[in-house]
Amino acid sequence: MPATAFTQTTSELPRRARCTTRLRQALLTAVIDQGQPVAQVAKTHQVAWWTTQKTVNDAVDTLPDVDALHVKHLGIDEHRYRRVRWFRDPDSSGWRRVEPWMTTLVNTACGQVLGVVDGRDSAAVEGWLNARSQPWRDRIAVVAIDPSAAFKKAITTSLPHAKIAVDPFHLVQLANLCLTRVRQRLVQDLHQRRGRKVDPAWAHRTLLLRGYDTLSERARHRLDEVFASDDPTGELGAAWGVKEGLRLILASRTLEGARDAKQRLEGWVKDADTDETTRLWDTLNAWWPAIEAFITSRVTNARTEAANTAIKHIKRTGRGYRNNEHYQARILLRSAHRARQHR
């Protein structure tokens, strides 16, 4: 009769397990719920680092299937998960700059990260979207993105019925950049140097970027003094008016109001007659359908940006990651935990 071995299994100690269920849960709680580094958790519980990390990786399999989640509004944004690196090209013997990017796809209703893909091109996003079931893709009504042609192409290809809503924060950022470039160009033309503290426009450069409706009476008076004393050509004031005109469009609650604000902005752009404001106007026209989608749906990338902030905190806690699988496991588990708390 061959020799046999008897192994008693319980819920606390499954078959072939080296750690009890209670210990694995304690490790997972410390890493995911409390946000502690894996090395610190392993040292505290006196287990190996790989034991703790494997517990985290195995927990990803317990997350609900993305296709089973009822998602109507999707947010897409990228972030750089490692510092810039330089590699020598073996063919040309030259140095090549590599920026490791990741793209996150987020449920904007609760802020849960649904997926993380390498890169920030259209192929990576299309691959993730095409892997979803057809009913899941049909439920997506609005996708919020920054003005990215790559993301727009992926959404148009994989989610043809979904509307694309451009995030207003990035449009205002473009308008602020337009105003900054006009200010820098003017000081170069007038003084052949960079801005200094003695220049009112440079000294109040952050005041120029603030929304006029958020300024106090004192701040508005200082702004008038800047235009009166350091804007001989009037181009700085014209660019500032274009920036405020764009903010008025984004603040509109109806399409009729937005179209009226756009018509007024067109006149201000013609009056400004600068390369910077004309370029901003061309960008606005190129993304106008996405702006209208934002005005009607009010779907933004706010929770997507918040998810990226939490992701950066995970990276800082772990002192950086070299293994994408471990990094993405932490991201998905931490985001799912925060979404449960939100619900």
- Taking the condition open to solvent by less than 20 Å² (accessible area, probe 1.4 Å) and of a type in the set (D, E, K, R), does Asp77 pass? yes
- Please go through the range 108-135 and pick out each residue that is within 16 Å of Ala68 (Cα to Cα) and either more than 16 Å from the chain's Cα centre (by Cα) or open to solvent by less than 20 Å² (accessible area, probe 1.4 Å) (or both). Val113, Leu114, Gly115, Trp128, Leu129, Asn130, Ala131, Arg132, Ser133, Gln134, Pro135
- Pairs, please: C-beta under 8 Å, at least 6 apart or cross-chain, first residue open to solvent by 40 Å² or more (accessible area, probe 1.4 Å) and in the range 146-158, second at pLDDT 95 or above and not in a helix (DSSP H, G or I)? Pro147/Val166; Pro147/Trp287; Lys152/Ile145; Lys152/Ile164; Thr156/Ile164
- Residue check for Ile249: open to solvent by less than 20 Å² (accessible area, probe 1.4 Å) and in contact (Cβ under 8 Å) with a residue 60 or more places away in the chain: no
- Message: Just the residues that are in contact with a strand residue (DSSP E or B) (Cβ under 6 Å, 6 or more places away or on another chain) and either of a type in the set (Lys, Arg) or within 10 Å of Thr157 (Cβ to Cβ) (or both), please, taken from the range 115-124.
- Response: Arg120
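Hey, can you tell me all the residues within the range 99-142 that are of a type in the set (Ser, Thr, Tyr) and in contact with a Gly (Cβ under 9 Å, 6 or more places away or on another chain)?
Listed by number, the residues that qualify are Thr103, Thr104, Thr108.
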- Query: All but one of (1) free of Cβ contacts under 8 Å to residues at least 12 places away in the same chain; (2) assigned to a loop (DSSP other than H, G, I, E, B); (3) under 22 Å from Glu325 (Cα atoms) hold for Val47; which doesn't?
  - Reply: (1)
- All-but-one check, Tyr321 against (1) modelled with pLDDT of 95 or more; (2) touching a Phe, Trp or Tyr at 6+ places or on another chain (Cβ under 6 Å), failing number (1)
- Restricting attention to the range 203-220, report how many residues are under 12 Å from Leu179 (Cα atoms), open to solvent by 60 Å² or more (accessible area, probe 1.4 Å) and free of Cβ contacts under 8 Å to residues at least 24 places away in the same chain. 2
- Message: With the requirement that a residue be within 18 Å of Lys72 (Cα to Cα), assigned to a helix (DSSP H, G or I) and polar (S, T, N, Q), what does the range 133-182 give you?
- Response: Gln134, Thr156, Thr157, Ser158
- Task: Output the qualifying pairs, or none if there are none: Cβ atoms under 7 angstrom, residues six or more apart or on different chains, first residue in the range 97-108 and farther than 20 Å from Ala141 by Cβ, second residue in a loop (DSSP other than H, G, I, E, B) and hydroxyl-bearing (Ser, Thr, Tyr).
- Result: Pro100/Tyr81; Met102/Tyr81
- Any chance Glu276 is crowded, with 17+ Cβ neighbours inside 10 Å and either of a type outside the set (A, V, I, L, M, F, W, C) or closer than 27 Å to Ile76 by Cα (or both): yes
- Would you mind telling me which numbered condition in (1) crowded, with 20+ Cβ neighbours inside 10 Å; (2) within 28 Å of Glu78 (Cβ to Cβ); (3) not acidic (Asp, Glu) Leu265 fails? (2)
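The values are calculated or read from the model by the stated rules, or taken from the named source; none is laboratory data. Worth saying up front: this structure is predicted, and the values here are computed from it rather than measured. Heads up, the Cβs are rebuilt from the backbone with ideal geometry, glycines too, and the neighbour counts pull from every protein chain shown. Accessible surface areas use protein heavy atoms only, side chains included; no ligands, DNA or RNA. Shrake-Rupley method; radii C 1.70, N 1.55, O 1.52, S 1.80 Å.
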